[in-house]
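Reviewing the structure listed below.
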Amino acid sequence: RVPVQGTNIEVAILKSIDALKAGGGGRNSRDIILITDGESFDGDLERVKQAAAAENVSLFIIGVGSAEGAPIPTAGGYKRDKEGRVVITRLNESALQE
């Protein structure tokens, strides 16, 4: 596993592809499972698709959340922004399908 925080999906997937390449094992195909709300992210998703295809890596994206939005639970209640407002996350299904 490659721990990556934040919403830079490009970096997360490229690091995962690198980890799979380093692992070797002689497998013909490899899979990456990404669980995200897809609400906002940085990076070039076209580059990610090309890199995965070049390494024979299949991407399986699991979207979590709802399009209406919901608060993000934490151990101490709900995640809050710098102003103390509860942070709402929304599932961006169309971006994840792309």
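Peptides 61-73, 8-20 ordered by packing proxy, namely the average of other Cβ atoms within 10 Å per residue, highest first: 8-20, 61-73.
Put simply, the amide H of Asp37, placed in the peptide plane, has neighbours under 5 Å in Val64, leaving out anything fewer than 5 places away on its chain. Treating each Cα of the range 53-98 as an identical point scatterer and ignoring solvent, apply the Debye formula and state log10 I(q)/I(0) at q = 0.30 Å⁻¹. Rounded to two decimals, the profile gives -1.06.
None of the figures in this text is laboratory data; all of them are computed from the coordinates on show. Model, not experiment: these values are computed from the prediction. Glycine also receives a Cβ, built like all others from the backbone with ideal geometry; neighbour counts cover every protein chain displayed.
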